[in-house]
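As structure tokens, the structure follows; a few thoughts come after it.
The values are calculated or read from the model by the stated rules, or taken from the named source; none is laboratory data. Owing to the predicted nature of the structure, the values given are computational and were not obtained by experimental measurement. Here the Cβ is made from the backbone with ideal geometry for all residues, glycine too, and neighbour counts use every protein chain on show.
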Ligand SMILES: Cc1cc2nc3c(=O)[nH]c(=O)nc-3n(C[C@H](O)[C@H](O)[C@H](O)COP(=O)(O)OP(=O)(O)OC[C@H]3O[C@@H](n4cnc5c(N)ncnc54)[C@H](O)[C@@H]3O)c2cc1C
């Protein structure tokens, strides 16, 4: 029987960062996962640190875009028909949260977290000896039409008031930054304050190694065995039971598997997403991620190759992969950048854990003393892992939190 101050369940970027932040504050911590750190959703993202822009991801408000999605022609989203009734309440809530005034409200609420995100990663990367993965060249969004750029104007205006820098470029200026891009777009925006990492898995592993160096224990175990025993939280692991006074649920898309049996039902959905690596043709290359929002994909330079990532797929988390979005985006992606042969046989599939209001839950679990929640980071889990880990570690140790945690409380769902 092992006993620690805290057990953190889930060793994605969120749980690993949380465990590290707690260990840095002197607590004894067990980090428990059924796999190795960073091997699930946190493996496959686009590596962008800083959020995609100013607004959160939104439900499409354009009838043509919706029609394209409905008829399964659009690369922006895909869905499994049989899953729609199950996800319908969540989609309605997401649509309500995508009204222009709500997007502004969410952007303002999320800004303090996003503004601190890179700084917090830099601290952990330095302490973990993993700075080589960090690239501070910003990222570029390309816009093929004047309409595409015009649609971004309200977001850019809000960004200017919130201190988010965005440089408008024409195609020639963008190609001066990324010469391998073909001039198939009219406009681009360079977001200079956004950073990226060239291997998200290696970053999570480096944070886990740093955690272990501080005395933290990484254990294989099934979080679904969480229960109360002798006044503590207990989980069965490959190395016997682990007991702790406090437990943090950082299971990302799997959090409901543990919380629902405990009577905690928060409205989480998953937006599945795919990636595939390609070798660049000839001497082509990218120095920073590039997103083509009108066509629903990003291209990110990774150690494994150019990683092409897709938008949202609404389907059961555990349903077999249906990577049609990769096929749908390929013509636009190949026309923008000289993609060569794919690296893997099959695309990778991951599930973004999303609340409809695009905010994570960070704080106490309602009605369960000693149980804490840190999940639902949606499109920005890589970005927000270290800063939300810090926020919850400060709350758990009674320190003054780096920002007001109230907007991220589970109580907002009533
Ligand atoms: C295609 C794509 C692109 C993305 N791009 C970006 C980006 O550029 N920037 C960004 O910031 N974010 C991005 N994201 C989002 C980001 O990847 C996620 O928000 C983040 O990885 C979630 O991290 P997590 O730690 O909450 O979840 P995970 O990484 O999924 O970790 C959860 C852990 O729980 C473990 N687990 C599950 N069940 C059990 C159990 N029963 N017992 C024990 N352990 C269990 C799993 O093994 C896993 O390790 C992207 C996501 C996708 C899919």
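Restricting attention to region 81-91, does a residue exist that is within 16 Å of the ligand (Cβ to nearest atom) and either without any contact (Cβ under 8 Å) to a residue 12 or more places away in the chain or under 30 Å from residue 192 (Cα atoms) (or both)?
Checked region 81-91: no residue is within 16 Å of the ligand (Cβ to nearest atom) and either without any contact (Cβ under 8 Å) to a residue 12 or more places away in the chain or under 30 Å from residue 192 (Cα atoms) (or both).
Could you tell me which numbered condition residue 364 fails, if it satisfies all but one of (1) within 15 Å of the ligand (Cβ to nearest atom); (2) modelled with pLDDT of 95 or more?
Unmet for residue 364, out of (1) within 15 Å of the ligand (Cβ to nearest atom); (2) modelled with pLDDT of 95 or more: (1).
Could you list, in sequence order, all residues of region 370-404 that are surrounded by fewer than 20 Cβ atoms within 10 Å (Cβ to Cβ) and either outside the structural domain of residue 49 (by TED's automatic domain parsing) or within 21 Å of residue 7 (Cβ to Cβ) (or both)?
370, 394, 395, 397, 398, 399
Here are the criteria: (1) touching a strand residue (DSSP E or B) at 6+ places or on another chain (Cβ under 9 Å); (2) buried (at least 24 other Cβ atoms within 10 Å of the Cβ); (3) under 17 Å from residue 375 (Cα atoms). Tell me which single one residue 21 does not satisfy.
(1)
Scan region 332-348 and give yes if some residue there is at pLDDT 95 or above, in the same structural domain as residue 144 (by TED's automatic domain parsing) and within 16 Å of the chain's Cα centre (by Cα), otherwise no.
Yes, region 332-348 contains at least one residue that is at pLDDT 95 or above, in the same structural domain as residue 144 (by TED's automatic domain parsing) and within 16 Å of the chain's Cα centre (by Cα).
At least 1 residues that are surrounded by 17 or more Cβ atoms within 10 Å (Cβ to Cβ) and within 19 Å of the chain's Cα centre (by Cα) in each: list the strands (runs of 3 or more DSSP E) lying fully within region 199-294 that qualify.
By residue number, 240-249, 268-280, 290-292.
Can you find, within region 24-52, the residue that is surrounded by the fewest Cβ atoms within 10 Å (Cβ to Cβ) among those that are within 13 Å of the ligand (Cβ to nearest atom) and at positive phi?
Per the stated criteria, the residue is 50.
Does region 162-172 contain at least one residue that is out of contact with any strand residue (DSSP E or B) (no Cβ under 9 Å at 6 or more places or on another chain), within 13 Å of residue 104 (Cβ to Cβ) and in a helix (DSSP H, G or I)?
yes
Return only the number of the condition from (1) outside any helix (DSSP H, G or I); (2) out of contact with any helix residue (DSSP H, G or I) (no Cβ under 8 Å at 6 or more places or on another chain); (3) over 23 Å from residue 391 (Cβ atoms) that residue 175 does not satisfy.
(1)
Quick one: which of 233, 254, 191 is within 15 Å of the ligand (Cβ to nearest atom) and outside the structural domain of residue 48 (by TED's automatic domain parsing)?
191
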